[in-house]
Amino acid sequence: MDIFEEVKSRLDIADVAEHYGIELNKQNKCCCPFHTEKTASFQVYPKSQSFYCFGCGVGGDVISLTEKLLKLSPIKAAERLNSDFNLGLNMKPHKPTPQERIDKIRLDRKKMLVSSWAEWKDEALNTMIFYEKLYRKIKIYFEPKSIDEEPHPLFVKSCQKSEYLSFLIDEVLTADETERERTWQELYKNNGDEYLHGLCY
């Protein structure tokens, strides 16, 4: 729970409003403190711990109420509530320990690797789809016209390459995550883009 949620969970908005000079009636209504009016249009809702003015449209929670009443920033409003209502919360920023800093560096590196891996896979998939279509066209163009005709080397190569590319594409799109990662790890071990380049040319 962050500090704002902690402050809000410990306070009642009606008590805070009255502490800062807002006089609520039995229906938790009063004239709005944010604009001039004669009829009460400012309403506090204890059940949702919120407020709203039907006259000027201002609304929010106990933090924003304090913020607007005392003209403070959100964090200063939270600090003021903590002080005025003796909540005893530690408002000082947490200073990470050496181990926490190391853990954060490791987590950031992991996120970066995951992001790079995902980008590489997307790019590789698009490349394979392109070449799989290309090899299919080559296969059709160089397909032997009869059983006796010797297959053209490009026809043989296109058959081999398009079949394997189709397998890889299907693996990415339909295989479960374990199988998919195993296939891509094998590609990655074989120098990733260089291996894919050799596959397509």
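Can you report the number of residues in the stretch 44-73 which are within 12 Å of Leu11 (Cβ to Cβ), within 31 Å of the chain's Cα centre (by Cα) and not in a helix (DSSP H, G or I)? Lay out the reasoning, then the answer.
If we filter the stretch 44-73 for residues that are within 12 Å of Leu11 (Cβ to Cβ), which is where we start, we get 46, 49, 61-63, 65-66.
So of that shortlist, the ones also within 31 Å of the chain's Cα centre (by Cα) come out as 49, 61-63, 65-66.
The next check asks that each one be not in a helix (DSSP H, G or I); those that pass are 49, 61.
The total comes to 2.
A quick yes/no check of all residues on (1) of a type outside the set (Lys, Arg); (2) touching a Lys or Arg at 6+ places or on another chain (Cβ under 7 Å); (3) modelled with pLDDT under 90:
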{"site": "Ile3", "(1), (2), (3)": "yes, no, yes"}
{"site": "Lys8", "(1), (2), (3)": "no, no, no"}
{"site": "Ala14", "(1), (2), (3)": "yes, no, no"}
{"site": "Ile22", "(1), (2), (3)": "yes, no, no"}
{"site": "Cys32", "(1), (2), (3)": "yes, no, no"}
{"site": "Pro46", "(1), (2), (3)": "yes, no, no"}
{"site": "Asp108", "(1), (2), (3)": "yes, no, yes"}
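Select from the stretch 74-103 the residues that are more than 23 Å from Phe34 (Cβ to Cβ) and part of a helix (DSSP H, G or I) and list them in ascending order. Steps first, answer last, please.
If we filter the stretch 74-103 for residues that are more than 23 Å from Phe34 (Cβ to Cβ), which is where we start, we get 82-83, 86-103.
Those that are more than 23 Å from Phe34 (Cβ to Cβ) and part of a helix (DSSP H, G or I): Asn82, Ser83, Pro98, Gln99, Glu100, Arg101, Ile102, Asp103.
Does at least one position in the stretch 89-106 carry a residue that is among the aliphatic types (A, V, I, L, M), in contact with a Leu (Cβ under 8 Å, 6 or more places away or on another chain) and either in the same structural domain as Gly57 (by TED's automatic domain parsing) or surrounded by 13 or more Cβ atoms within 10 Å (Cβ to Cβ) (or both)?
no
Just to be sure I understand, how many residues within the stretch 74-102 are under 27 Å from the mean Cα position of the chain (by Cα) and either under 24 Å from Ser48 (Cβ atoms) or aromatic (Phe, Trp, Tyr) (or both)?
3
In the set Ser50, Ser41, Ser9, Ser64, which member is exposed (fewer than 14 other Cβ atoms within 10 Å of the Cβ) and small (Gly, Ala, Ser)? Please lay out each step first, then the result.
On the way: Ser50 fails: exposed (fewer than 14 other Cβ atoms within 10 Å of the Cβ); Ser41 fails: exposed (fewer than 14 other Cβ atoms within 10 Å of the Cβ); Ser64 fails: exposed (fewer than 14 other Cβ atoms within 10 Å of the Cβ).
Unique residue meeting the criteria: Ser9.
For Leu81, indicate whether it is touching a Lys or Arg at 6+ places or on another chain (Cβ under 6 Å), among the hydrophobic types (A, V, I, L, M, F, W, C) and in contact (Cβ under 8 Å) with a residue 24 or more places away in the chain.
So Leu81 fails the test.
Can you name the condition, by its number, that Lys29 falls short on among (1) surrounded by 15 or more Cβ atoms within 10 Å (Cβ to Cβ); (2) charged (D, E, K, R); (3) within 30 Å of Lys92 (Cα to Cα)?
(3)
The values are calculated or read from the model by the stated rules, or taken from the named source; none is laboratory data. Note that this is a predicted model, so its numbers are computed, not measured. Don't worry about glycine lacking a Cβ; one is built from the backbone with ideal geometry, like all the others, and counts go over all protein chains shown.
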